[in-house]
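Visitor: Dumping the structure here so I can ask a few things about it.
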Amino acid sequence: MRVTAVMNSKGGTAKTTTAVTLAALAAQEGRRCLIVDMDKQASATKQLGGSPDNDNLIPGLLGERALASLIQPTSVDDLDLVPGSVALANPSRLVDQIGHHTLLRSALDAVDGYDWVLIDTPGDLAALTIMSLTAATDVLIPISLGTSELDEVPLIQVAISATKKRLNPHLEIAGVVVTKVPVYGRNPAVLLSPFLDQLRKDFPGKVLDTFVRQSVSAMEAHGWRRPLTVHDPDGRIVADYRAVLHALDGAQAVAHAG
């Protein structure tokens, strides 16, 4: 079972939109997908019509109840959700446990029937993010276009490298995708080209050739609490994400062939 952590060291990078939209598109193509919302803000849960007003996830991670018992269907066929929880704002019950970094991995080991699990991580590099990286087979990094975003790259690299070395030796970078690219006004290539050049130096062979445009539809979809594939199924941003999905599939096929 493929488990992808969608992560960045900060918020505002379209992390949740990326996780939810890719999962919805993959589900539309016939894959059984599961979103696990590990972000205390629970944006993925809200966008998929769920409620974070519960304290279920922490017992599910601690093994006090089966994580599979928390799974809920969504409005998208073949896309299910483990809802986030307001209780994640205070994860002390988790981090006080010996070996807490492996809690999510152990909980997911008992979940089956899915082709792809996507973990929406918090916008930081604290315990819940490291727990998500430890549970993952690979990591997808959305980075929004902007020079300040490049300052986060060393932090992301250290977190992934340390997790791979100490907790999850099989963790790989699935890809780096640039998000929130403006397509109006100034030629986006003027902004995008040097940004991509630097990312390709930082993540050799991992930066996807496709990007995701800035779109009002993404904000609207969050406001209406529904996936982009439902809110604007024929929109250009959905087409962007479909290209991202196929790029990730292609990269995975090449990696397995090697």
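Visitor: Taking region 222-241 as the region of interest, how many residues are crowded, with 21+ Cβ neighbours inside 10 Å and touching an Asp or Glu at 6+ places or on another chain (Cβ under 7 Å)?
Guide: The total comes to 1.
Visitor: How many of the residues making up region 151-179 are loosely packed, with under 12 Cβ neighbours inside 10 Å and either within 17 Å of the chain's Cα centre (by Cα) or polar (S, T, N, Q) (or both)?
Guide: Selection size over region 151-179: 1.
Visitor: Of everything in region 132-150, what is of a type outside the set (Gly, Ala, Ser), crowded, with 20+ Cβ neighbours inside 10 Å and either in contact with a Phe, Trp or Tyr (Cβ under 7 Å, 6 or more places away or on another chain) or not in a strand (DSSP E or B) (or both)? Give them in sequence order.
Guide: From region 132-150, those of a type outside the set (Gly, Ala, Ser) are 133-134, 137-143, 145, 147, 149-150; that's our starting set.
From what's left, crowded, with 20+ Cβ neighbours inside 10 Å: 133-134, 139-143, 145, 149.
Correct list: Leu133, Thr134, Leu145, Glu149.
Visitor: Within region 203-210, is there a residue that is surrounded by fewer than 16 Cβ atoms within 10 Å (Cβ to Cβ) and polar (S, T, N, Q)?
Guide: no
Visitor: State the number of residues belonging to region 216-249 that are of a type outside the set (D, E, K, R), under 18 Å from Val6 (Cβ atoms) and free of Cβ contacts under 8 Å to residues at least 24 places away in the same chain.
Guide: Final tally of qualifying residues: 1.
Visitor: I'm trying to understand the selection: among the residues of region 112-127, which are of a type in the set (A, V, I, L, M) and surrounded by 23 or more Cβ atoms within 10 Å (Cβ to Cβ)?
Guide: Val117, Leu118, Ile119
Visitor: Among the residues of region 209-258, count how many are among the hydrophobic types (A, V, I, L, M, F, W, C) and either closer than 21 Å to Thr74 by Cβ or at pLDDT 95 or above (or both).
Guide: Total satisfying the criteria: 15.
So that you can scan it fast, the table gives a plain yes or no per residue for (1) under 11 Å from the mean Cα position of the chain (by Cα); (2) more than 19 Å from Ser144 (Cα to Cα); (3) β-branched (Val, Ile, Thr); (4) crowded, with 24+ Cβ neighbours inside 10 Å:
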position: Arg2; (1), (2), (3), (4): no, yes, no, no
position: Val6; (1), (2), (3), (4): yes, no, yes, yes
position: Lys10; (1), (2), (3), (4): no, no, no, no
position: Lys15; (1), (2), (3), (4): yes, no, no, yes
position: Thr21; (1), (2), (3), (4): yes, no, yes, yes
position: Glu29; (1), (2), (3), (4): no, yes, no, no
position: Arg32; (1), (2), (3), (4): no, yes, no, no
position: Gln47; (1), (2), (3), (4): no, yes, no, yes
position: Leu67; (1), (2), (3), (4): no, yes, no, no
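Visitor: Checking Ala255 against (1) touching a residue at least 40 places away in the same chain (Cβ under 8 Å); (2) of a type in the set (Gly, Ala, Ser); (3) touching a Gly at 6+ places or on another chain (Cβ under 8 Å), which test does it fail?
Guide: Among (1) touching a residue at least 40 places away in the same chain (Cβ under 8 Å); (2) of a type in the set (Gly, Ala, Ser); (3) touching a Gly at 6+ places or on another chain (Cβ under 8 Å), Ala255 violates only (3).
Visitor: Can you find a residue in region 205-214 that is more than 19 Å from the chain's Cα centre (by Cα) and without any contact (Cβ under 8 Å) to a residue 24 or more places away in the chain?
Guide: Taking every residue of region 205-214 in turn, at least one turns out to be more than 19 Å from the chain's Cα centre (by Cα) and without any contact (Cβ under 8 Å) to a residue 24 or more places away in the chain.
The values are calculated or read from the model by the stated rules, or taken from the named source; none is laboratory data. Fair warning: this is a prediction, and the values are worked out from it, not measured in the lab. Every residue, glycine among them, receives a Cβ derived from its backbone with ideal geometry; neighbour counts consider all protein chains shown.
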